[in-house]
Amino acid sequence: MDAGECSSSQPCASSSPDAAGGVWAKLVPSDSAFPEVELAEDDAVVCSRVTPDGGGEVVAWCVIRRGGGDGDASSATIRNLSSDAIIVDGRVIQQEAVDIKPGSEIVSGPQKDGHLLYTFDITGLNDQDKTNIKIVLDIENAKCSICLNLWHDVVTVAPCLHNFCNGCFSEWLRRSSANSRDKSQSAACPQCRTAVQSVGRNHFLHNIEEAILQAFSSLQRSDEEIALLESYASVKTNIAWHAFIPFPWSYAGAMILRSTMGINICQREVLGKQKIQSRKRRLPRSNDEANHTNHADFLCPQCGAEFGGFRCSPGAPHLPCNGCGGMMPARPDTSIPQKCLGCDRAFCGAYWCSQGVNSSQHNPICDQETFKMISQRHISSVPDTVHGGNQYEKDITERCIQQSGKALQAIISEWIVKFDNKELDRSRLQLNHVDAITSRTYVCNQCYSKFIDFLFYWFRVSMPRNLLPPDAANRESCWYGFMCRTQHHRPDHAKKLNHVCRPTRGNP
């Protein structure tokens, strides 16, 4: 089908400022000299300019359907109608339909040069969230079990996921350590007595804490009490999000929190009362449990034969690989790590490679690339996930790298050296055991992505303002910095303000 031809009987989306009401989305051109395209139909055929020098010709070049492939109202589906390809979020699209979301970039032709670039945006989505999203919460479940008051600077402990005031838990930890005869023994959770493996400040629950205080000012503590708690507080690092459930959504009670208070993350699960699948990490099994594991489905290769001079003895403990689900013997004496230091999960790729074992039909084995030393890894481009997925900040970082005249991997290597020399504040690195991690540490792909994001953050914040691209040098910094949620669904906000910075509002 040639550009300008359309088999749909529906009217075209208008690019005039006098479009009819009921607009649910729009395409915003990167060049302000061209008008926005407003979408008022659930299946809107987009008629607009596709080239900046097209002589004013308006053609029908795509159709955008309201709601993504999974029915998500915060997304849509786009299908190419022209004879040429179009580009959606960097992907060349011929005739197939793909999902798009607010902030998706759409090029109206097969290449950026000579074609208009549009950004997709859903209008009124934020206002609808503010009026429709409600979360039911029992205030009793937002209280510290030590002081029995509302959390203050809430921290979450793992693996039990109980929450306490930072000051209360820090003082509990200090007293437990002082009274313990065995200094090597882990502290116990004050609420359930489970051994505490890690603890971190929970900024998501901190938003809940602030929202409750706005609704119930009587729960506010005195200045003297707050000052005392803060003097006790010793937990400075943030939680590693992969190890926690963000919020216990099974809570039920009398309190209604509106999304205007900053709590609008799980809107469909809450409103629809759907069952939320737990993201809690499976706890490490004890040796006794491992000894009785049935490996019939995923046999360990070394249980049946000798590889690398080793064969499993009967009843030997095994580790399940987080990547492929296969089994490998638990061998703390081996020189090749079997667990990622960043997340404490087991991965088998490096171990089986060292043993000379290849994947077979009956023995699922991870590729070696899934678990490698940081210094052995290489990237060819800036990942899309960098800077929290903010594509505007990613573009600025890419231009800064190009302007430096250095290769991408050379810059990564420079910052890894700074990391090894402990020149960087590691508090923002969302990994476990951050002080023990070096360039020779084995990490999984997910943790390496977080590590690279951390390095790019420091690359940007260390960049003098006069070396930034002109359109980025004069931007003000967002109060919420890299923790800003608005940047993910408001392209204009993501572009207008700098988000590669520390939060300066609240108590980050």
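The numbers here are math on the coordinates, done by the rules we state, and not lab data. Computed from a predicted structure; not experimentally measured. Cβ placement follows ideal geometry from the backbone for every residue including glycine, while neighbour counts extend to all protein chains displayed.
Please sort by residue number the GluC sites (Glu not before Pro) in the range 378-432 whose DSSP state is loop and whose Cβ has at most 16 other Cβ atoms within 10 Å.
Answer by residue number: Glu423.
If you place +1 on the Cβ of every Lys and Arg and -1 on the Cβ of every Asp and Glu, how big does the dipole about the Cα centre of the range 297-380 come out, in debye to the nearest 20?
Computed about the Cα centre, the dipole is about 160 debye.
What does the charge count around Ser439 come to, taking other residues whose C-beta lies under 11 Å from its C-beta (Lys +1, Arg +1, Asp -1, Glu -1)?
For residues surrounding Ser439, the net value is +2.
A 24 angstrom limit on the alpha carbon distance is what I want to check against. Which of Lys236/Lys406; Lys372/Lys495; Lys394/Lys496; Lys372/Lys422 exceed it?
Lys236/Lys406; Lys372/Lys495
How big is the Rg/Rh ratio for the range 406-487, C-alpha atoms only, Rh by Kirkwood, two decimals?
0.99
Calculate the dipole size of the range 25-122 relative to its Cα centre from +1 charges on Lys and Arg beta carbons and -1 charges on Asp and Glu beta carbons; express the result in debye to the nearest 20.
The calculated dipole for the range 25-122 is roughly 60 debye.
For the range 25-122, just list the percent of Cα-Cα distances falling in each 10 Å bin from zero outward, please.
Values per bin, smallest distances first: 17, 56, 25, 2.
How large is the charge dipole for the range 389-479, taken about the Cα centre, if only the Cβ atoms of Lys, Arg (+1) and Asp, Glu (-1) carry charge, to the nearest 20 debye?
100
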